[in-house]
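**Q** Below are the C-alpha cells for one structure; questions will follow.
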Ligand SMILES: Cc1cc2nc3c(=O)[nH]c(=O)nc-3n(C[C@H](O)[C@H](O)[C@H](O)COP(=O)(O)OP(=O)(O)OC[C@H]3O[C@@H](n4cnc5c(N)ncnc54)[C@H](O)[C@@H]3O)c2cc1C
Ligand code: FES
C-alpha cells in the first residue's frame, strides 16, 4: 500500500477524560489515502522540545462520509501530552499508512482490547461487520470512566465489558470474562503485552486462530533503524513497524 507524508487539519479534538483525547483529522489536500485496519501513522509533534522522533499511533477509525481519520490518544509522555492538547484548526504532519494490519476473515470474530489497545479495533470491527461477520467486542479497563468509545463500538457488534474494579461489566481482567467460554472462529487482540499473552494462551488452548497487534517501541516506523525487532518462527527477526504490527500468535516465539 502506498505511503504518504501528508498534512492533516484537526477538525475536532474530543477530550474523553483526563488521559484520553479523540482527534478527528481531515487531509489538507482533501485526498484521504487508502488504509487497512491495524495499520498506524507516524505523527510529527511540533512544539515539544523533548520529542525528536515521530510517534506511532494506530488508525482508530476512517470516517469515509466526513473524509475524517480518527486517532485515539492516551497521555503517556511529552509527545502524547502535546497531541491531546492540539487545538482545532491546527495541522499535524503524518506518514500514513504504515505496517500490515489485521486479517479480514469470515465468521464469528471476537475483538479483544485493553486500555488504549482498543484503538485499532473500531475500524476493524466496522470493516468486519460490512463484510458480513458476526462481531463481538470484549473491552477492558481499570474502571468505568476508562472505557472508551463504547457508543461507537456498539454500532458494529455485541459488547462485553470487564473492569478491574467491577464498576461496569464483569469484575476482573478481560481474560477472566465469561464470553471467552463461547466459541469463535478468530480472536484479534490489542492491548498491554501481558494481556495479549494471556489471550494468546487461551486461544491456543481452545485452538482458535488468533492475531495480536504489538506495540514495540518504534523510532523510524519504516524498517530502517531496527529498534522494533521481534523474533518470528517464519522469518526470524523482523521489524514490527514494517512486517507487523499485527502477527498471528503461531508466528511469535512467545512462551505461552
Ligand atoms: C504500532 C503502535 C501503535 C500505537 N497506537 C497508539 C494509539 O493508538 N494511541 C496511543 O495513545 N498510543 C499508541 N501507541 C503508543 C504510543 O506510540 C506511545 O505512547 C508514544 O510513542 C509515547 O510517546 P510520548 O512522547 O508521549 O512518551 P515518551 O516520553 O516517549 O514515553 C513515555 C512513557 O511511555 C512509554 N512508551 C513509549 N512508547 C511506548 C510504546 N510503544 N508502548 C508502550 N509504552 C510506550 C515509555 O516507555 C515511557 O514510560 C502505539 C504504539 C505503537 C508501536
Ligand atoms: S521503528 Fe525503525 S525499524 Fe521499526
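The values are calculated or read from the model by the stated rules, or taken from the named source; none is laboratory data. Owing to the predicted nature of the structure, the values given are computational and were not obtained by experimental measurement. So basically every Cβ, Gly included, is an ideal-geometry build from the backbone, and we count neighbours across all protein chains shown.
**Q** What tally of residues in the stretch 236-250 results from selecting those that are surrounded by fewer than 18 Cβ atoms within 10 Å (Cβ to Cβ) and either near ligand 2 (Cβ under 8 Å from one of its atoms) or touching a residue at least 12 places away in the same chain (Cβ under 8 Å) (or both)? Full working, then the answer.
**A** Restricting attention to the stretch 236-250, the residues satisfying the condition of being surrounded by fewer than 18 Cβ atoms within 10 Å (Cβ to Cβ) are 236-237, 242, 248, 250.
So of that shortlist, the ones also either near ligand 2 (Cβ under 8 Å from one of its atoms) or touching a residue at least 12 places away in the same chain (Cβ under 8 Å) (or both) come out as 242, 248, 250.
Qualifying residue count for the region: 3.
**Q** Got a number for residues in the stretch 33-76 being within 6 Å of ligand 1 (Cβ to nearest atom) and without any contact (Cβ under 8 Å) to a residue 12 or more places away in the chain?
**A** Counting residues in the stretch 33-76 that are within 6 Å of ligand 1 (Cβ to nearest atom) and without any contact (Cβ under 8 Å) to a residue 12 or more places away in the chain gives 1.
**Q** Still on this structure, I have one more. Go through the stretch 208-221 and report how many residues are in contact with a strand residue (DSSP E or B) (Cβ under 7 Å, 6 or more places away or on another chain) and either without any contact (Cβ under 8 Å) to a residue 60 or more places away in the chain or more than 12 Å from ligand 1 (Cβ to nearest atom) (or both).
**A** Counting residues in the stretch 208-221 that are in contact with a strand residue (DSSP E or B) (Cβ under 7 Å, 6 or more places away or on another chain) and either without any contact (Cβ under 8 Å) to a residue 60 or more places away in the chain or more than 12 Å from ligand 1 (Cβ to nearest atom) (or both) gives 7.
**Q** Kindly indicate the residue of the stretch 203-215 that is modelled with pLDDT of 95 or more and either under 21 Å from residue 37 (Cα atoms) or crowded, with 18+ Cβ neighbours inside 10 Å (or both) and also farthest from ligand 2 (Cβ to nearest atom) among those meeting that condition.
**A** Across the stretch 203-215, the extreme among qualifying residues is 208.
**Q** Can residue 79 be described as at pLDDT 95 or above, out of contact with any helix residue (DSSP H, G or I) (no Cβ under 9 Å at 6 or more places or on another chain) and part of a loop (DSSP other than H, G, I, E, B)? First the steps, then the outcome.
**A** Values: at pLDDT 95 or above: yes; out of contact with any helix residue (DSSP H, G or I) (no Cβ under 9 Å at 6 or more places or on another chain): yes; part of a loop (DSSP other than H, G, I, E, B): no.
No; evaluated as a whole, the condition is false for this residue.
**Q** Sticking with this one: Kindly check whether there is at least one residue in the stretch 145-161 that is touching a residue at least 60 places away in the same chain (Cβ under 8 Å), away from ligand 1 (no atom under 16 Å from the Cβ) and part of a helix (DSSP H, G or I).
**A** yes
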